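S.K.: Take a look at this one; I'll ask things after.
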C-alpha cells in the first residue's frame, strides 16, 4: 500500500540532484513539501497535506548500501592523472558497407603517430571519429564518399585514469556528471574504456570542466 513516505522515497530516488540537495540541507523543506503535494496527491489519488510531506522529507534517509560511501571515497581518492588534449575535431558518419574499408586508411595513417589523439566508436546507425584537427583534410578525403552527419571543430578532451576496481561500484560516473551539470558545462561526447573515462567539450568550456573534475578528485 502506498504511503506519503513511500511516495517521497520514489520521487527522491528518481531525482538524485534533489536528493543530494536535500541531504546537504540546502533545500527549504516547507517549499519542497508544497511543490510535492500535487504529484504525491496524484500518486495516492487523494489530497495530502504539506505538513505530512514535510515530516516524511525530514525522516528520509538515502538507501545507501553499507560500505558504499567508503568504497566511493576510496575510488575517487585513487583516481589517476587527468589529461587534457586540445585542437580536436569530431566526425559523425552514417554507417555504410564502405566505411570500414575507408576507416582502414585512417588506421594506416595514425598507426605510427603515438602523440596523435584518436578514437573510433561504431554505433548501430552511425560511427564517430575524434581526432587531432591537423588531420581533418585527410579524414574528409578518406570519407568523401560517405555521408557526414556532423563535423565539430574546436573541441578538447579531458581524460581521467580510473582505478581497476572502478567497475565494481555503482555511481562513480554520476559524481562527474553531477559536478559538470551543476557547473553548467555541456558535454559534446563521452568516451569510456574499462579504466579510462574521457569527456569531450567545446574549448570554451575546457578550463571550467577541468577545474570541476579536479574538485571531484579532491
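The values are calculated or read from the model by the stated rules, or taken from the named source; none is laboratory data. Source: prediction; values computed, not measured. Reconstructed Cβ throughout: ideal geometry from the backbone, glycine too, with neighbour counts over all protein chains shown.
S.K.: Which fully enclosed helices (runs of 4 or more DSSP H) of the range 1-102 have 3 or more residues being over 22 Å from residue 172 (Cβ atoms)? So that I can check it myself, show each step before the final result.
M.R.: Values: elements: 4-13, 16-23, 29-44, 50-59, 68-77.
The qualifying helices (runs of 4 or more DSSP H) are 4-13, 29-44, 50-59.
S.K.: Name the residues in the range 64-82 that are loosely packed, with under 10 Cβ neighbours inside 10 Å and either within 27 Å of residue 4 (Cβ to Cβ) or modelled with pLDDT of 75 or more (or both), would you? Give the derivation first.
M.R.: To start, the set of residues in the range 64-82 that are loosely packed, with under 10 Cβ neighbours inside 10 Å comprises 66-67, 70, 81.
66, 81, listed by residue number.
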